[in-house]
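First up is the structure itself, then whatever we jot down about it.
Each reported figure results from applying straightforward, stated rules to the coordinates on display, with no laboratory input. It should be emphasised that the depicted structure is a prediction, and the values quoted were computed from it without experimental measurement. Please note: Cβ atoms are built from the backbone with ideal geometry, for glycine as well, and neighbour counts cover all protein chains shown.
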Amino acid sequence: MLSSLLVANRGEIARRIVRTARRLGIRTVAVYSEADAGLPFVVEADEAVLIGPANPAQSYRNTEAILTAAKMSRVEAIHPGYGFLSENAAFAAAVAEHGLIWVGPGAEAIDAMGDKINARNLMAAAGVPVAPGTEAPAQSADEALAAAERIGFPVMVKAAAGGGGMGMAVANDADGLRAEYDKVRAFAERMFGDGSVLIERYFPRVRHIEVQILGLCDGRVVALGERECSVQRRNQKLVEETPSPALTPARRADLLAAAVRAGEAVGYRNAGTVECLYDPAGDQFYFLEMNTRLQVEHPVTEAVFGVDLVEQQLRIASGLEPTFDPGALTVTGHAIEVRVNAEDPKRFLPGPGTITTWVEPQTAGVRVDSGYTEGNTVTPSYDSLMAKLIVHGEDRAEALARLRAAVQAFEVAGPKVNLPFFAELLDNPEFVSGDYDTGIVARMRAVK
């Protein structure tokens, strides 16, 4: 096992990585911006290095500053968490070039999966179902329109280099497509430095289901179940649960097998997630993208499998076997996670501020991964995520009951907080039944 680790991230995920590393006897180094000087992850690491101002480009996305901090602190490895530089192939390569261990997949796999069109084509060749769409970027609105007419409206207009739900729009007809194509292309060039646009079939009633994979040192790829991620706002997840209430055992087996093929197709190592769309009407799933990193929602998988995914990442990066038997994985119970964000519960607009009250629920079957505590300030410089509230029960009914109680018991004051939305969701018959899709939040907000 490696002996020292720099965590190139912030907030709850940095704190969560430090927690596992400490349990394993690994010395940890946090890097932080001026805005984050007082946050728990900075205090709890064995060492902390200031790397720049609040602007992520000058701190958490600053490759030179992070590598300099790694050299100063004499660490063996870098864990990127999620977001920021976690899926940056150039950064992964630079870490290796500096003689450090990268806790994640190789730069080649990151690069192969970073472009949605290239990823689609690779998956199709590997026998993974993909939705009807373009095999090359649409170079103009006319090309996009021709593709849409071939695929059939409505279509999704997507930034090929995008991620995190950004750079996506729905077009229902030719006029809408021309308008959205120009918007998405301009956004993609501005945000990702790549204006390539993908046209893909849009499914009005669809579920978002993903599979957790681990690429082991011996070359095997294993799947640790699926996660249902269909409760979203602005194409970004708010709630995740496992197992998915939508899948039959047979369809689940097909999905997990496809995810393993996806990992094998790119020689995947370490933790990753194969994201899919599931069309309940046609009982068919389609590859969406692969996230070449740890996911925000990984704790629900940990809960039902009894596996620490960060520990497995560190073991794989160290050349060690996993702590579990890949051939004897079993699911125990049901787990649900909600993302506690500093945003208003109606329009989901950010509402940063100083935390004056922070009381986490302390009951059986409840876990809180938080990045803040009382007295800390949530700034507008970063994502609004403050904590993840995770519950585990013997079945979905017990998990829902525990989540209702935990949401009620979680007290946050100062910033705006979306906890009231989750209380509302847990009273929503559609969600409670398990028969919901990615349009559930929009339908909730459309009700007067």
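The lysine pair count for the chain, using Cα distances under 24 Å and pairs eight or more places apart or on different chains, is 15. Here's how it looks for Thr373: its modeled amide H is under 5 Å from none belonging to a residue 5 or more places away or on a different chain. So, in Å, what gap is there between the alpha-carbon centers of the stretch 109-145 and the stretch 227-252? Taking the Cα centre of the stretch 227-252 as reference, the centre of the stretch 109-145 is 23 Å away.
Projecting the Cα atoms of Ala54, Leu314, Ala246 onto the dipole axis of the chain, where Lys and Arg carry +1 and Asp and Glu carry -1 at the beta carbon, places Ala54 farthest toward the positive end.
Placing unit charges on the Cβ atoms only, positive for Lys and Arg and negative for Asp and Glu, gives the stretch 4-103 a dipole magnitude near 280 debye about its Cα centre. With 15 Å as the cut-off, how large is the P(r) tail for the stretch 350-399, expressed as percent of Cα-Cα pairs? Counting pairs separated by more than 15 Å, the tail of P(r) holds 54 percent.
Could you work out the relative contact order of the chain? I mean the mean sequence separation of Cα pairs under 8 Å and 6+ apart, divided by the number of residues, in percent.
It rounds to 14 percent for the chain.
Each residue, Glu108 and Glu34, gets one label point 7 Å from its Cα in the Cβ direction; the gap between the two is 4.3 nm. Residues whose amide H falls under 5 Å from that of Ser4, counting only those 5 or more places apart or on a different chain, are Arg27, Glu76, Ala77, with hydrogens built in the peptide plane. Taking max minus min of the alpha-carbon positions on each principal axis, the stretch 308-448 gives extents of 50, 37, 28 Å, largest first. Amide H contacts of Val130 (H built 1.01 Å from N, in plane; Pro and chain starts excluded): Phe287 sit under 5 Å, all sequence-distant by 5 or more or on other chains. Determine the relative contact order of the stretch 163-300: mean sequence separation of Cα pairs under 8 Å and six or more apart, normalised by residue count, in whole percent. Once normalised by length, the contact order is 22 percent. For the stretch 4-103, averaging the sequence separation of C-alpha pairs within contact (under 8 Å, six or more residues apart) and dividing by the residue count gives a relative contact order of 29 percent. At what distance in angstrom do the alpha carbon centres of the stretch 26-64 and the stretch 177-193 lie from each other? After rounding, the separation between the Cα centres reads 33 Å.
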